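Trainee: Handing you a structure now.
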Amino acid sequence: MEYWPQVKIGDVCIVERGGSPRPIDKYITDSEDGINWIKIGDTDDSMYITSTAQKIIPEGAKKSRYVQPGDFLLSNSMSFGRPYILKIDGCIHDGWLVLRDKNGLFDKRFLYYYLSAPVTYQKFKSLAVGGVVNNLNSEMVRNVEVPLPALNEQAQIATVLDKLSGLISLRKQQLSKLDELVKARFVEMFGDLKRNNMNWPSQIFADFAIIDTTMVHDFEKYSDYPHIGIDSIEKETGKLLDFRSVKEDGIISGKYLFTPKHIIYSKIRPNLNKVALPDFTGVCSADAYPILPKEGTCNREFLAYTLRSPVFLDYILAFSNRTNLPKVNKQQVEGFCCPIPDWELQEKFATFYRQVNGRKLTIQQSLDKLEVLRKSLMQEYFG
């Protein structure tokens, strides 16, 4: 807030860069008394780092930077500017900066939220140097100003944001558990399609679905239609994210028409398991295929789930790896051979899938509102 005093990070915190013993493989150990080797891969959505996948020998620690519980870590390359609070000790490589609140001026949670705020990221971004990869160094971070309200006020703000973050985390867990429920139900009903352990009759893709390459060319006729690119499809869930109309894009050539009866499948690596079930009519990029399941043979929800599964992905990757091509063609997809369970059983799965998606939609709407509220509060607190 405007009345909070501003201080430079370097005036109130010790800022140091990590170090990497090289070659690192020489120093990695499986010994229980090894020293935690803290990497970006040891992080998750939490503000804390609580464990590591690897350890290093004491000789490696002499060539690195030792850190302790309560220290802040800040990523200084790749996903630069991401803060974490340590709950363990260990050593950090040169992809990290460590910040130590030497005089206990901050509630650690408050400093975490400030360092996570969009306004702080923009400060880091304006300072970061590099070409493809942005980098922060110790001196840059030392010169960034941070607010310093009274400790009790920091604690109050952090508690509010903690509660909100806890609710957001809970909603995400609920969505994840529902995805696991669908996956378990699919296996329960159909078995392992890759091994076909339930001995379903197999069919070639072209026998149970059509790749619909109906291309649109009339800009005026389709100008208000939604335009879906493969970037519009969320890989994990198939959710369709923000997209624009054909008019906003200004391009109509090379686009396929789709309807709520189609499945949209990305044919471009590394997005070969991006699959969406649209509930509207629109046009999609030629980097995707609109697929139309054959009624009475293959259910739309069953096929979409199968296209996202390892049985199809492994089949497709065999082509793309063998030919070293960035995408797969129509003939390759149409050659896929898949176990096709009874239509009635597919329909039962589809009913279950829709019911779960209805629950997911309700939870997602709640999550979206919480995210908006968090963004609003971060803006109110930190500008």
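The values are calculated or read from the model by the stated rules, or taken from the named source; none is laboratory data. Small disclaimer: the values here were computed from a predicted structure and weren't measured. Note that each Cβ is placed from the backbone with ideal geometry, even for glycine, and that neighbours are counted across all protein chains shown. All accessible areas refer to the heavy atoms of the entire protein, side chains included, with ligands and DNA or RNA removed. Shrake-Rupley method; radii C 1.70, N 1.55, O 1.52, S 1.80 Å.
Trainee: How do the pairs read when you match residues in segment 54-79 that are of a type in the set (G, A, S) with residues anywhere that are open to solvent by 80 Å² or more (accessible area, probe 1.4 Å) and modelled with pLDDT under 95, using Cβ under 6 Å and keeping only pairs 6 or more apart or on different chains?
Mentor: Matching pairs, first to second residue: S75/R82.
Trainee: In addition: Here are some residues: D25, D44, D33. Which one is more than 30 Å from Q173 (Cβ to Cβ) and in a loop (DSSP other than H, G, I, E, B)?
Mentor: D33
Trainee: Here's something else I'd like to know. Exactly one of (1) modelled with pLDDT under 90; (2) within 24 Å of the chain's Cα centre (by Cα) is unmet by L325. Its number?
Mentor: Result: L325 fails condition (2) only.
Trainee: Which ones in segment 262-303 are out of contact with any Cys (no Cβ under 9 Å at 6 or more places or on another chain), open to solvent by less than 20 Å² (accessible area, probe 1.4 Å), under 22 Å from W343 (Cβ atoms) and hydrophobic (A, V, I, L, M, F, W, C)?
Mentor: Once the filter is applied, which keeps residues that are out of contact with any Cys (no Cβ under 9 Å at 6 or more places or on another chain), open to solvent by less than 20 Å² (accessible area, probe 1.4 Å), under 22 Å from W343 (Cβ atoms) and hydrophobic (A, V, I, L, M, F, W, C), segment 262-303 yields I263, V275, I291, F302.
Trainee: Going through R308, R300 one at a time, which residue ends up being within 21 Å of T259 (Cα to Cα), modelled with pLDDT under 90 and not aliphatic (A, V, I, L, M)?
Mentor: So the residue among R308, R300 that is within 21 Å of T259 (Cα to Cα), modelled with pLDDT under 90 and not aliphatic (A, V, I, L, M) is R308.
Trainee: Then there is this: Consider K294 against the criteria (1) among the basic types (K, R); (2) within 27 Å of the chain's Cα centre (by Cα); (3) over 30 Å from V146 (Cα atoms); (4) modelled with pLDDT of 90 or more: it satisfies all of them except one. Which criterion is unmet?
Mentor: Answer for K294: the failing condition is (2).
Trainee: Is it the case that L74 is modelled with pLDDT under 95, assigned to a strand (DSSP E or B) and of a type outside the set (K, R)?
Mentor: It is true that L74 is modelled with pLDDT under 95, assigned to a strand (DSSP E or B) and of a type outside the set (K, R).
Trainee: Testing D11 on (1) more than 27 Å from the chain's Cα centre (by Cα); (2) open to solvent by less than 30 Å² (accessible area, probe 1.4 Å); (3) of a type outside the set (F, W, Y); (4) within 29 Å of Q379 (Cβ to Cβ), one condition comes back false. Which one is that?
Mentor: Status for D11: all satisfied but (2).
Trainee: Filter the strands (runs of 3 or more DSSP E) completely within segment 104-217 down to those with at least 3 residues that are on the phi > 0 side of the Ramachandran plot, surrounded by fewer than 15 Cβ atoms within 10 Å (Cβ to Cβ) and at pLDDT below 90.
Mentor: none
Trainee: Continuing with this model, one more query. How many residues are open to solvent by 30 Å² or more (accessible area, probe 1.4 Å) and either within 13 Å of V146 (Cβ to Cβ) or part of a strand (DSSP E or B) (or both) if we restrict to segment 78-100?
Mentor: Selection size over segment 78-100: 1.
Trainee: While we're looking at this one, here's another question. Please go through segment 343-367 and pick out each residue that is open to solvent by less than 90 Å² (accessible area, probe 1.4 Å), of a type outside the set (S, T, N, Q) and touching a residue at least 24 places away in the same chain (Cβ under 8 Å).
Mentor: Passing the criteria: W343, L345, E347, F349, A350, F352, Y353, V356, K360, I363, L367.
Trainee: List every residue pair whose Cβ atoms sit under 7 Å apart, with the two residues 6 or more apart in sequence or on different chains, where the first one lies in segment 236-249 and is touching a residue at least 40 places away in the same chain (Cβ under 8 Å) and the second, anywhere, is in a helix (DSSP H, G or I) and open to solvent by 80 Å² or more (accessible area, probe 1.4 Å).
Mentor: Between residues of segment 236-249 that are touching a residue at least 40 places away in the same chain (Cβ under 8 Å) and residues that are in a helix (DSSP H, G or I) and open to solvent by 80 Å² or more (accessible area, probe 1.4 Å), there is no close pair.
Trainee: So which of G19, G70, G41 ends up being within 30 Å of the chain's Cα centre (by Cα), open to solvent by 10 Å² or more (accessible area, probe 1.4 Å) and at positive phi?
Mentor: Selected residue: G70, the only one of G19, G70, G41 that is within 30 Å of the chain's Cα centre (by Cα), open to solvent by 10 Å² or more (accessible area, probe 1.4 Å) and at positive phi.
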